[in-house]
Each structure stands twice: as C-alpha cells, then as structure tokens.
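Values in this text are rule-based calculations from the coordinates and carry no lab data. Everything numeric here is computed off the predicted structure, so don't read it as measured data. For neighbour counting, all protein chains shown are included, and Cβ atoms are generated from backbone atoms with ideal geometry for every residue, glycine included.
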Amino acid sequence: MKRIISALLLTCGAITFANAAEPAAPASGEAVYKRWCTHCHSAGRGNPGTESLQVKYGGKLPAVLLDRTDLSAQAVATFVRTGVLSMPPFRKTEVTDAELKAVAAYVAQKYAKP
Amino acid sequence: MATPPNVSSADFNRAIAAWKQTVGADWVFTAPEDVALYRDAYSPYWGEPEERVASGAVAPSTVEQVQAVVRTANQYKIPLYAISTGRNLAYGGSAPVYSGSVVLDLKRMNRVLEVNERNAYALVEPGVNYFDLYEHITKAGLDVWIDPPDPGWGSVIGNALDGGGGWTASPFRDHFGAHCGMEVVLANGEIVRTGMGALPNSKSWQHNRWGFGPWVDGLFRQGNYGVVTKMGFHLMPRPECMQTLTVRAPRDEDLIPLVDTLNLVENQHVVNGSTSLGGGQPGAGGPAGPAGWSVTMPIYGPEKVVRAQAEYVKEKFAKIAGSTFTEGELIRTPLDAAALARVRKTSFGIPDLSTFGLLGRNAANPSPPGGHVDFSPILPRTGEAVLEFMRLYREKLPELSENGALRILGPVFMTNWDRTMVALLMFPIGRDPQMNGRMRNAFRKWVELCAERGWGEYRAPAVFQDDVAKVYSYNNHALRRFRETIKDAVDPNGILSPGRYGVWPKHLRKS
C-alpha cells in the first residue's frame, strides 16, 4: 500500500509536503493490521470489533483478535474479503492480495490447529 | 463478466484494455469476486434485483490517469461512479447509484500533499482518510487539529463532498464549508482548479476560497459534474482547552427558551463546540417523572477565555426558571494518557470508529442485522420544531416501526450545524429481503411525512436519493431541471456518476 508520510519538514517546522508517488510495495502483516484492523479490534473502550466479539463469545474466546488461537489465516482472509455484520469487506485498493496474505498470517500467528 | 447498460461487449473490452494500459492490469477489476467487493455492505436491496451493483472498477493513482480513464469512458459512453475511499456506509458505501456503472476507485490517490501549520490548512487527495491525515500531522509534530466525523476511515474529501460533519469546533466541523479550493477533472478530461487555484502559480489556493468570478465549488458537492482529485481544508490550530457545559430544564415548554438561548450563544460564537440536545424520549425519566431536556455545549479556546465564556453562558441560561447548570471538567490539550482514555476522541480531533459499536453487535443489541441506513431530515433550530417532530414521531411510530418490530433507532437531535438540526433516525439493514423491504417502506414514508412539514434530508442513501430529490420540487422541480441543464452541458454523454443525488443525464431521465 502506497502511503506518503511527511516528506519535507521546512526549517520553520510548519509545513509538510508529499513526495512523488512511491513505488508500490506490499506492507508487512503488522503494518497492514495497524492500518486497517486496530481501530476496531484493539483492547479497551471504543473498539467495536472487540465489543462485538465479547458479546458473541461471552468470554469463551478472546475478544481481542490478536489473542485468538483458533483463527486460521484462511479464516482471517475470508473475513477481510467478505465482511461480517457491520464490518464491510475490504477492497483490493485497500488491502492488496499480497497484503491480505501478510495480514492473515500475522493475525493467525497464534493459530493452533485443532 | 458483467457489461454496463447499453454498452457492447466489444466496446467494454476495448475500454478495459485502454484502462489497463493507463493504470496497469492489476488495478482494473472485472472478475466477479473483485467487483463484489464494491457492493454496498449496508444495501437495503442486498441480494435483490434492485441492488445497485457495479460492472467493474478501475483505480487510477494520479490525476493524469484519472483524465485518461475519463476520456476512455467518454469514448465508449461507459458510466463511471467515482468513490474516494468507498466508506460512505449508511449512505451507499462504494456501490454506484446507477447499476452497471464502472466504479472509479480513487483510494490509491492517497497523498497528503501539504499541511501548513502557519496558515492552518491541508491539501489532500481523495484516497486520504482521517486516520491518514491525523497520522501525517502527528508524525510531523504540527500543532493543528483535523475535524473527524464518526467514521475515521472515511475520505476527507469524500466526506466533505457528501455533506458530512465532525465533532470539534465551528466552522471546521462543516466539512464542505471548511474546504478551500479544489481540483476537478471534468467529463471531457480537462482539469479545472477552483477559487484562487485558477491563477497559475497561485500563492493562496488554500487561503481564499472565493477567487474571482462565479464560485463553482458547490456544483461538486453531492454533484456529478466532475471528479474531484484534490481539495484544500482549513484546520483548527490546537485549542488550549475544552470545557463542556450542560443545562437541564424539566418541562417541555422549557425547550423553546432552551434552544433559543443555545442558538444565541452559538450564533454569538461564544459556544463553538458541537452541541447536543437530549431528552424528550418516550418513557425517559422513570419514576421521578419526565427527564426533561438538556443541552451540552463544548467550548474550545484559551483557558482564560473559555472560563469567561462559560460564565457568560451560565448567565444567559439562568433566565430559564428551574434550569440547572453544570460545568464539566476543563480538559487541557495536548491530552495526557489519562484524559485520552476517558474523552470522546473525535471531540479532540482524533479519528476513531467507536460509533460503529453503538450500531453493531453490543450488549444492548446482541443480534443486530448487520448494517443500517440513516434518515437525516434538517429541521430549523427551534424548540417548536423539536416538539412538532416528537409529536409526529409518537403519532406515527406505532405504524411505521410496526410497533417497535423494526427497531428504528432515534430520533437523535443533532445540533452539529448552526441554525439547524438533524432529527436522525437509523434504520437497521441486514440480509433478509423481507425485513429490508419493510425498512424501505418505512424510510420512504418518513421522507414524505417530513416533506409535508417542510423538512428535507441533507443527504440520503444512494437507493433513496431519487425519493429525496423528488420532494425538493418548488416551482415544478425548477432546481432539478437547472441541475439537469448543467449536467447536459458539462457531461453530454452522461458518464459521470449518473443519478447521484437525483441528477440523471438526458438519456436516463424518467419522464
């Protein structure tokens, strides 16, 4: 995912300009997770994904996604591309196929096959 | 592979080949599983023949690519539907208004082009969302705030163009009102820069929004006359603190002076935060009696000034007999960790998605259908209008909510904008066509009921935009006809977002 962060901080410290377009390079699984998943699936107040999973499982499974041990990479990838309830699917302009593979592996890092 | 209406397979294939040349094969989507990602996840017609679906998608990353894509569409008369980040959920998401359109997905145009702290503005591309802009500003250490709406993943440009608003101070939370200058690709592929941006080498494109001559930016708000590829926004210098004041009044008749006083202190710019009106809910209050009404009023600014403004506000509301006045905590910025943990982030310029928790699965609603659509009529900012809306609501609710079976949420009287309020109702939407059909009927009935009383929506889900546009009918739909005249002039082939907000090109107009 191309992303332009501050490219030029002028001496006055007051203005930033963007670079020219960066070459496309897939982000790491962790970076994709931070960009797209943390806003709903982190621990604590104000995380609708966590709240939803807490209600769904009632504590039988962890509500925070990264604490789950039952989610395979395939399952994660399916949820990203199909959505569930109020979570919409993510398009390839948001999460490319390469990034999907990376983020699915990242979320499934604790996956223990039954 | 689906084909756009009235376009031959051969022409569509030629256009796809041209688009692949323009943006790269990876960024043209025609496979059903890829195109399905553009469905509106909260569509009130999900899975039904009337669901608005795309026939493909093309995703340019530069303005030059947008120009080329649009020219190709014009050559083959293929309808495009432009989206910024495609997160206009509850109002249509990333799906086109006109089924079979090719989505022009601008998400890859994701550059924050400039943030200027000294004059407090930003210039961004359509794919930049609120999280992006916040992160850019934070990493650069700039002392300016953005104004986030509820969906932090929404496009800064897209939200403004759809008429969205946020939660910090006026005038920044009217997102279109806070914009300053835009760059637009017209249907013929030509680039226009508005306001001061029309001056080559302009030094004040994001400083002065008016420029010289007739101002045209409004044509692109909820419009389909061009594709906006850059837009400037004024930002708020970080305020020293924020304090919320609350006034409660026990009786329905108190509502009228309560709202009048609220209007006075807002229109004087003494209160500049996003106020809210509470109360009046059926059954509220419990055994102690009616809960009455309340207004909450955040004030942003230097601490000395905020304290003086709070005193003034207290004096003004003291004239309402029986009212009580409460000063909330004065919260200084930048927020420390403890404050960050207890405040509503969006009120402090920090984007999040917490509102989706209220509407998704939660302890109070463990089995929601999934999505929702918003009904957003604009009311004048008077207590009489609130009471009239509540009377209508109580009278019609049993019929229109099927005695509560539809679980319509609201009304929430949103006083985000000066002089008006939105009486927001939220309609749950899921995957059950029968239930969705009942929601649609109720939604359309509310459009009619409000129009009969002179209340019109400021925004509507894509599938209801014709219904809403229809009630703006003064002088035999003169405004709609004027918009159509412009549409025919600037987009004679009708390729740009046909039907968006009720404006259709000539060949698709219904009699």
Going by Cα centres, region A:28-95 and region B:196-228 are how many Å apart?
40
Output the direction-averaged projected area (hull surface divided by four) of the convex hull of the alpha-carbon atoms of region B:224-277, in nm².
7.0
What does the structure give for A:92-100 when I average, per residue, the other chain Cβ atoms found within 10 Å of the residue Cβ?
5
Mind ranking A:68-80, B:89-101 by how tightly packed they are, going by the mean number of other C-beta atoms within 10 angstrom, highest first?
B:89-101, A:68-80
Indicate, rounded to the nearest 5 percent, the antiparallel portion of the DSSP beta bridges found entirely in region B:9-107.
20
Under a 5 Å amide H to amide H cut-off, with H placed in plane at 1.01 Å, what residues pair with B:Leu496 once short-range neighbours are removed?
B:Leu80
Provide the per-residue ³J(HN,Hα) series for region B:178-188, in order, calculated from phi with Karplus coefficients 6.51, -1.76, 1.60 and θ = phi - 60°, each as a whole number of Hz, with x at glycine and proline positions.
8, 7, 8, x, 9, 10, 9, 9, 7, 4, 8
With x for Gly and Pro, the residue-by-residue ³J(HN,Hα) of region A:87-92, computed from phi through the Karplus equation 6.51 cos²θ - 1.76 cosθ + 1.60 at θ = phi - 60° and given in whole Hz, is 7, x, x, 9, 7, 6
Quick calc: nm separation of the 7 Å Cα→Cβ label points for B:Asn13 and B:Glu315 -> 7.9
Rounded to the nearest 5, the percent of DSSP beta bridges in region B:241-332 running antiparallel is 100
For the pair B:Phe482 and B:Leu424, what calculated FRET efficiency results from E = 1/(1 + (r/R0)^6), where r is the Cβ-Cβ distance and R0 = 25 Å, to the nearest 0.05?
0.30
Order of B:Tyr474, B:Tyr225 - criterion: other Cβ atoms within 10 Å of each residue's Cβ, fewest first:
B:Tyr474, B:Tyr225
Taking chain B and counting helices only, DSSP H stretches of n ≥ 4 at -39,500 (n - 2.57) each over all residues, the nearest-500 ellipticity at 222 nm comes to -9000 deg cm²/dmol
Alpha-carbon centroids, region B:335-352 and region B:474-507: separation in whole Å
43
Distance between region B:94-148 and region B:48-83 - C-alpha centres, whole angstrom
21
How large is ³J(HN,Hα), in whole Hz, for each residue of region B:406-414 in order, when computed from phi with the Karplus curve 6.51 cos²θ - 1.76 cosθ + 1.60 and θ = phi - 60°, using x for Gly and Pro?
7, 6, 5, 8, x, x, 10, 8, 8
Check cross-link reach from B:Lys319 to the lysines: straight Cα distance under 25 Å, and skip same-chain residues fewer than eight apart.
B:Lys304
Please list, ordered by chain and number, the residues whose modelled amide H lies under 5 Å from the amide H of B:Cys180; skip anything fewer than 5 residues away on the same chain.
B:Gly232, B:Phe233, B:His234
Can you give the average number of partner chain beta-carbon atoms within 10 Å of each beta-carbon in peptide A:34-40, as a whole number?
4
For the peptides B:449-461, B:374-386, what is the packing order when you average, over each peptide's residues, the other Cβ atoms within 10 Å and list the highest mean first?
B:374-386, B:449-461
Residues B:Arg332, B:Arg209 arranged by fewest to most Cβ contacts within 10 Å
B:Arg332, B:Arg209
In a Debye calculation with equal point scatterers on the alpha-carbon sites of region B:357-471 and no solvent, what is log10 I(q)/I(0) at q = 0.11, 0.14 Å⁻¹?
-0.35, -0.57
Multiply the residue gap between B:Asp26 and B:Leu199 by 0.36 nm, knock off their C-alpha separation, and tell me the result in nm, one decimal place.
58.6 nm
Label-point separation (nm) for B:Gln434 and B:Leu358, each offset 7 Å from Cα along Cα-to-Cβ?
3.2
Name the lysines eligible as straight-distance cross-link partners of B:Lys506: C-alpha to C-alpha under 23 Å, and not fewer than 8 places from it in the same chain.
B:Lys77, B:Lys470, B:Lys487
Cα-based equivalent ellipsoid of the protein assembly as shown: semi-axis lengths in Å, sorted from largest, via gyration tensor:
36, 29, 28
Using a 10 Å cut-off around each Cβ of peptide B:88-97, what is the average number of partner chain Cβ atoms that fall inside?
1
In chain B, if every C-alpha pair distance is counted and binned at 10 Å from zero, what percent goes to each bin?
4, 18, 28, 27, 17, 6, 1, 0
Taking amide H positions as placed 1.01 Å from N in the peptide plane, with prolines and chain starts having none, which residues 5 or more places from B:Thr229, or on another chain, fall under 5 Å of its amide H?
B:Glu183, B:Val184, B:Val185
Treat each spin label as a single point 7 Å out from the Cα along the C-beta direction, and report the B:Ser473 to B:Asn403 distance in nm.
3.3
